[in-house]
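Engineer: Okay, handing you the structure first.
We did not get these values from a lab; they are worked out from the coordinates using the rules stated. Predicted model, so just to flag it, every value in this text is computed and none were measured. Ideal geometry is used to build each Cβ from the backbone, glycine not excepted, and the neighbour counts take in all protein chains shown.
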Amino acid sequence: MALLESVQKPAIRTKGLRKVYAIGSERVIALGSVDLVIPKGQICGILGTSGSGKSTLLNMLAGLEKPTKGSITIHGKRVDKLSERQLALFRQKHFGFVFQSYNLLPTLTAIENVALPLAFKGVGKTKREKQAVELLKAVGLGDRLMHRPTQMSGGQQQRVGIARAFVAGPDVVFADEPTGNLDTRTTFEVMEKMVSLTKERGKTLLIVTHDLEIASYADRIVKISDGNIVEDTYTHNAGCE
């Protein structure tokens with residue numbers, strides 16, 4: 001496995017990553033000292049129960065929280081050293097997000113919701129809508145292009161969310177409990193679409209979940225407990241047992 005990581009360029013690297021929150025007079029250690037290397041193109045599942053530190057880790061990797069100590073390097077850039085403005089621009093260029101609650105704008109159609117990240121990047125309307133349609137068809141929603149969120153099921157809304165996460169060509173996609181609001185059958189459909197898009201487009205995907213079955217879609221499962229990595233294993237999906 002060390003050989004596999006050595007020949008692949010790391011998408012994400014953390015060293016001694018630590019997060020401590022001050023709550024009144026108490027200090028709560030959310031992350032102990034996390035060293036993690038995620039190669040480019042890997043699907044990595046971050047697995048842990050509520051309060052394990054997995055969401056804190058995701059937030060810091062995504063530049064939404066600053067670490068108390070340690071470093072975060074993503075595609076060669078020390079994101080923990082960036083200003084808020086620099087972070088915002090870096091996220092816009094390199095990251096995509098899939099949320100548990102979908103986070104779609106209710107007044108916009110599926111095309112408009114998916115095209116939104118491209119609008120923020122200054123892409124013209126015709127081009128961004130063409131790319132949005134392409135992604136929506138890729139996730140099986142070619143017949144729902146003009147539907148608004150209230151006209152779609154939860155699974156359809158999440159597929160819109162997946163299309164939106166990939167439309168701007170991010171290097172890394174963060175998925176935070178992406179199937180938490182879905183039934184079992186729809187969960188499998190959504191996960192298969194997300195994994196398929198990731199592999200087809202050569203992206204790096206981080207799936208944060210409490211569910212081992214969801215994490216098993218990943219090439220690798222990193223288990224976190226009490227703010228520390230307690231297990232790091234590769235699955236049959238990695239093709240390198």
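Engineer: Rank Pro149, Val123, Gly63 by how far each Cα sits towards the positive end of the charge dipole of the chain (+1 on Lys, Arg Cβ; -1 on Asp, Glu Cβ) and give me just the farthest.
Structural biologist: Val123
Engineer: Tell me which lysines have Cα within less than 25 Å of Lys81's Cα, excluding those fewer than 8 residues away on the same chain?
Structural biologist: Result set, ordered by chain and number: Lys9, Lys15, Lys19, Lys40, Lys54, Lys66, Lys69, Lys93, Lys121, Lys203.
Engineer: With an 8 Å cut-off on Cα pairs and a minimum separation of 6 or more residues, tell me the relative contact order of the chain in percent.
Structural biologist: Result for the chain is 27 percent.
Engineer: In debye, nearest 20, what is the charge dipole magnitude of the chain about its Cα centre with +1 on Lys and Arg Cβ and -1 on Asp and Glu Cβ, if you could check? List each step's numbers first, then the result.
Structural biologist: Numbers: 33 positive and 24 negative charges, 240 e Å.
It comes to approximately 1160 debye.
Engineer: Go from 0 up to the bin containing the longest alpha carbon distance in region 156-214, width 10 Å each, and give me the % of pairs per bin.
Structural biologist: 22, 61, 17
Engineer: Could you state the per residue volume, in Å³, of the convex hull enclosing the Cα atoms of region 109-205?
Structural biologist: Cα convex hull per residue, to the nearest whole number: 91 Å³.
Engineer: Something else now. Please state the relative contact order of region 178-238 as a whole percent: Cα pairs under 8 Å, 6+ residues apart?
Structural biologist: It rounds to 22 percent for region 178-238.
Engineer: Using a simple charge model, +1 on the beta-carbon of Lys and Arg, -1 on the beta-carbon of Asp and Glu, nothing else, what dipole does region 42-108 show about its Cα centre, in debye to the nearest 20? Provide the component values of the computation, followed by the final result.
Structural biologist: Working: 9 positive and 3 negative charges, 52 e Å.
My answer is approximately 260 debye.
Engineer: From the convex hull of the Cα coordinates of region 63-120, what is the mean projected area in square nanometres? Present the calculation step by step, with values, prior to reporting the outcome.
Structural biologist: Numbers: hull surface 20.8 nm².
Over all viewing directions, region 63-120 projects a mean Cα-hull area of 5.2 nm².
Engineer: So how far, in whole Å, is the C-alpha centre of region 15-43 from the one of region 49-68?
Structural biologist: One Cα centre to the other: 6 Å.
Engineer: Further question: For Lys127, what is the net charge nearby, where nearby means another residue's Cβ is under 12 Å from its Cβ and Lys, Arg count +1, Asp, Glu -1?
Structural biologist: Taking every other residue near Lys127 into account, the sum is +2.
Engineer: How big is the chain along each principal axis, measuring the range of its Cα positions in Å and listing the largest first?
Structural biologist: Its Cα atoms span 49, 41, 39 Å along the three principal axes.
Engineer: Separate question: Restricting to the chain, what percent of DSSP beta bridges are antiparallel, rounded to 5? Mind dumping the intermediate values first?
Structural biologist: Values: 23 of 41 bridges.
Roughly 55 percent of the DSSP beta bridges within the chain come out antiparallel.
Engineer: Tell me the mean residue ellipticity at 222 nm calculated for the chain from its helices only (DSSP H runs of n ≥ 4, each -39500 (n - 2.57), averaged over every residue, nearest 500).
Structural biologist: On the way: 8 runs with 85 residues, N = 241.
Computed ellipticity for the chain at 222 nm equals -10500 deg cm²/dmol.
Engineer: Quote the FRET efficiency, to the nearest 0.05, computed for Thr68 versus Ser196 with a Förster distance R0 of 41 Å and r equal to the Cβ-Cβ distance.
Structural biologist: With R0 = 41 Å, the Cβ-Cβ based efficiency is 0.65.
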